Amino acid sequence: MVCAVLAVRGLDAWVTSTVLPVTLAETSVEMRDRAGRLLRAYPVGDGIWRMRVTLAEVDPRYIDLLLAYEDKRFWQHSGVDPLAMLRAVGQALGRGRAVSGGSTLTMQVARLLEDGSTGRWSGKLRQMRVALALERRLSKAEILALYLTHAPFGGNLEGVRAASFAYFGKEPQRLTVAEAALLVALPQSPEGRRPDRSVRARERAAAARDRVVARGVAAGVLEAEDIAVVAEARLPEMRRDFPLLAPHLGDYLRGNAPAQGRFDVTLDAGLQAQLQAMLHRSIGSQGARLTGAILVADHRTGEILASVGAADYTDPRRRGFVDMTRALRSPGSTLKPLVYGLAFDEGLVHPDTLIRDAPVSFGGYAPQNFDGLYRGDVRVREALQMSLNTPVVTLTEALGPSRLMAGLRGAGMAPELPGGKAGLAVSLGGLGVSLRDLVQLYAVLAEGGRAPLLFETGLGRGETAQVISPVAAWYLGDILRDLPVPQGSKAGVLPYKTGTSYGHRDAWAVGWDGRHVIGVWLGRADGTPVPGAFGAEVAAPLLFESFALLKPELEPLAPPPPNALILGSAELPQPLQRYRPRGEVFSAEGTDAPEVIFPPAAAKLALSEGRLALKLRGGRLPFTVLANGVPVARGLQSRIVDLPSPGPGHAALVVIDADGQSARVTIEIEEAG
């Protein structure tokens, strides 16, 4: 007797220390969305799909059918059902073979946990002992949950959740009667009844399913008419793929917390699925190496609602495994709004201030507009809408590149400088940022100059600094919502900005409404150019299509702050009517722009000695001279100089003084006879 007691106690200890911990550790890692919907799951180490489940996560009709078919006295017995065992023995003696095993669900759980056999009496006795120990250690609900997690359903499927996803593409919470009956029947012969295996297997599965339904009717858990309805239901002929939504995010979270079994994130599964399908459809017909990324966030809360890291996660040609929402790329012109916002707050300009769009040079750095043209005097709002380069570099020089970098970091970004030191080129995309960085920046612009840090889990919450004032942020929204929109889109309601990096390596579009901010990136993951790819042409349409998926109408933008100065250029205070560098008033030589006295405009010159005489008036020393956009002289301390001839043909000469003011003439040079 003492030995028996010690054996039972030892078995209890073994169940507690060995079986149960292993059971709890070996279920699929899952990532679920804000409503608890499955985004992605990972098989356990041996490739088995085994997903943790509770009774509340399973359709009650499935539980009723399972107990009616497998163990109708489950809630009453203590792990072993003597009546079922006597019935099984009697049937075996009467028919000369085993008809039913007499195993309770608890005994089946014991067999599943031990991976033991069912036919031999020694194995059956072992299961009975383990079942009794389980009943002493666990509640009935916990034992039933173990069965729901470990029951075999064919192939590498274990548990009712994995089977429901594989055969029906959904959680087991809302099963039809036919689906529930099939899932009850499969574990009795998981390989012989696999509906995805063959026609013969489906026939066996259908027959077993119908027997489950008949017993359910006899037990009173189903209606008689369910028999005919289920008999007409088709069985699945193939397995479905498990959800693969936001796979890059799942990999990232799992890599950072490999011991965690479940990740609850802020994403919306429905929106995520729509955006993944839209991006895949839009890029699938284009170049084999082209990919893209989309990020959607709520700029009021900081919650990321969708994160699409590639056009196709499974496509190695597009390097779909690379998460392009986190990759560092050149932002092109997408940082320009921040430069103007900082300039508004510094009192340098107003949206209707006139600013000169002309060739400029700062220490030998002479930026040019994308199209090579210059527009002369333009309003600041027009300079931003046309994404002109020379005005924004002029303002960056006045602010100082370090001020711009401080603004980027204050907005929650983590920019990377190639040389470690910021220069004027940062305002034109001369640094590395991620799509996540850009969406964070535009969340700040959308939220009045300050916004929560973006997050997709409960970790990492926090506030950014007040980067720009609410007035400056409103000015930017008012300017950017007047950009031309893609064909078929509604104009004037969505502030957005596009960008194209040097060499067409990156195409961007980022915008916001009253609640959401969305960023789109297109390019190649390996960083090679995509000829002809412009942000306005390829990324902007995807941006507007993404907003259309949120809801039929965009959230309205905030009204202007009370202290916003809404005036035309002529009505502005005198210092804001036209932009002039701050140090210009202290110039000893005056503020007149330089003027080319010789050669006159449209002159035809024959140069016999290969030298060109240049005479200037006004402006402030030193001068820089460009011929056809190429610097030919820098640091000139005289207004009369000899220059090397740019060669025969038409030549555009541009003179830039120390204040960035310029003069331009076009001449024609003839070869000497």
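The values are calculated or read from the model by the stated rules, or taken from the named source; none is laboratory data. What you see is a predicted model; the values in this text were computed from it and never measured. Cβ coordinates were reconstructed from backbone atoms using ideal geometry, including for glycine residues, and neighbour counts include every protein chain displayed. Note: areas computed on protein heavy atoms with side chains; ligands, DNA, RNA excluded. Shrake-Rupley method; radii C 1.70, N 1.55, O 1.52, S 1.80 Å.
Some notes on this structure:
- From the options Leu55, Leu38, Leu65, residue that is in contact with a helix residue (DSSP H, G or I) (Cβ under 8 Å, 6 or more places away or on another chain) and closer than 24 Å to Arg136 by Cβ: Leu55
Rundown of residues vs (1) open to solvent by 40 Å² or more (accessible area, probe 1.4 Å); (2) hydrophobic (A, V, I, L, M, F, W, C), yes/no style:
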{"position": "Met405", "(1), (2)": "no, yes"}
{"position": "Gly420", "(1), (2)": "yes, no"}
{"position": "Gly432", "(1), (2)": "no, no"}
{"position": "Val444", "(1), (2)": "no, yes"}
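- Residues located in segment 589-644, provided they are in a loop (DSSP other than H, G, I, E, B), open to solvent by less than 70 Å² (accessible area, probe 1.4 Å), small (Gly, Ala, Ser) and within 12 Å of Val665 (Cα to Cα): Ala603
- Residue ID - farthest from Arg379 (Cα to Cα), chosen from residues in segment 492-506 that are in contact with a strand residue (DSSP E or B) (Cβ under 9 Å, 6 or more places away or on another chain) and assigned to a loop (DSSP other than H, G, I, E, B): Arg505
- When restricted to residues that are over 26 Å from Val393 (Cβ atoms) and more than 16 Å from the chain's Cα centre (by Cα), segment 320-342 contains 0.
- Segment 492-526 - residue that is within 19 Å of Ala306 (Cα to Cα) and in contact with a Pro (Cβ under 7 Å, 6 or more places away or on another chain) and, of those, surrounded by the fewest Cβ atoms within 10 Å (Cβ to Cβ): Gly514
- Cβ pairs under 7 Å, 6+ apart, first in segment 339-359 and under 12 Å from Thr390 (Cβ atoms) and among the acidic types (Asp, Glu), second open to solvent by 10 Å² or more (accessible area, probe 1.4 Å) and in a loop (DSSP other than H, G, I, E, B): Asp357/Tyr374; Asp357/Arg375
- Inside segment 152-171, residues that are among the basic types (Lys, Arg) and not in a helix (DSSP H, G or I) make up a count of 1.
- Residues of segment 645-661 classified as under 27 Å from Pro581 (Cα atoms) and open to solvent by 20 Å² or more (accessible area, probe 1.4 Å), total: 3
- Filtering segment 233-261 to residues that are closer than 14 Å to Ala41 by Cα, open to solvent by 60 Å² or more (accessible area, probe 1.4 Å) and outside any helix (DSSP H, G or I) leaves Arg240, Asp241, Leu244, Pro258, Gln260.
- When residues in segment 79-109 are screened for being more than 18 Å from Val184 (Cα to Cα) and at pLDDT 85 or above, 1 of them pass.
- Hits in segment 413-433 (condition: in a loop (DSSP other than H, G, I, E, B), over 16 Å from Thr500 (Cβ atoms) and touching a Pro at 6+ places or on another chain (Cβ under 9 Å)): Pro415, Lys421, Ala422, Gly423
- The combined condition, being out of contact with any strand residue (DSSP E or B) (no Cβ under 6 Å at 6 or more places or on another chain), part of a loop (DSSP other than H, G, I, E, B), over 15 Å from Leu279 (Cα atoms) and modelled with pLDDT of 95 or more, is not fulfilled by Gly527.
- Within segment 645-673, the only residue that satisfies the criterion of being assigned to a strand (DSSP E or B), free of Cβ contacts under 8 Å to residues at least 40 places away in the same chain and under 47 Å from the mean Cα position of the chain (by Cα) is Ala652.
- Qualifying residue in segment 24-35 (condition: assigned to a loop (DSSP other than H, G, I, E, B), exposed (fewer than 13 other Cβ atoms within 10 Å of the Cβ), modelled with pLDDT of 95 or more and out of contact with any Gly (no Cβ under 7 Å at 6 or more places or on another chain)): yes
- Those residues of segment 172-212 which are under 13 Å from Tyr62 (Cα atoms), in contact with a Gly (Cβ under 9 Å, 6 or more places away or on another chain) and part of a loop (DSSP other than H, G, I, E, B), in sequence order: none
- Checking Arg634 against (1) touching a helix residue (DSSP H, G or I) at 6+ places or on another chain (Cβ under 9 Å); (2) farther than 14 Å from Ala358 by Cβ; (3) of a type outside the set (Asp, Glu), the condition it does not meet: (1)
- Hits in segment 152-197 - residues which are surrounded by fewer than 23 Cβ atoms within 10 Å (Cβ to Cβ) and charged (D, E, K, R): Lys170, Glu171, Arg174, Glu191, Arg194, Asp196, Arg197
- Filtered by the rule that a residue be buried (at least 18 other Cβ atoms within 10 Å of the Cβ) and out of contact with any Pro (no Cβ under 9 Å at 6 or more places or on another chain), segment 458-467 gives a lone residue, Val467.
- Considering segment 119-135, the residues that are small (Gly, Ala, Ser) and either more than 17 Å from Pro82 (Cβ to Cβ) or not in a helix (DSSP H, G or I) (or both) include one that is modelled with the lowest pLDDT, namely Gly119.
- Taking strands (runs of 3 or more DSSP E) as the structural unit, those lying wholly within segment 284-392 and holding at least 2 residues that are buried (at least 17 other Cβ atoms within 10 Å of the Cβ) and among the β-branched types (Val, Ile, Thr) correspond to 290-298, 304-308.
- Of all residues in segment 454-505 being among the basic types (Lys, Arg) and either at pLDDT below 95 or under 23 Å from the mean Cα position of the chain (by Cα) (or both), the one that is nearest to Leu290 (Cα to Cα): Arg505
- Of the residues making up segment 566-588, just one is assigned to a loop (DSSP other than H, G, I, E, B), at pLDDT 90 or above and surrounded by 15 or more Cβ atoms within 10 Å (Cβ to Cβ), namely Tyr579.
- Checking Ala536 against (1) outside any helix (DSSP H, G or I); (2) open to solvent by 50 Å² or more (accessible area, probe 1.4 Å); (3) closer than 18 Å to Val439 by Cα, the condition it does not meet: (1)
- In segment 468-491, of all residues being more than 21 Å from Met405 (Cα to Cα), of a type outside the set (A, V, I, L, M, F, W, C) and not in a helix (DSSP H, G or I), the one that is most open to solvent (accessible area, probe 1.4 Å) corresponds to Gln487.
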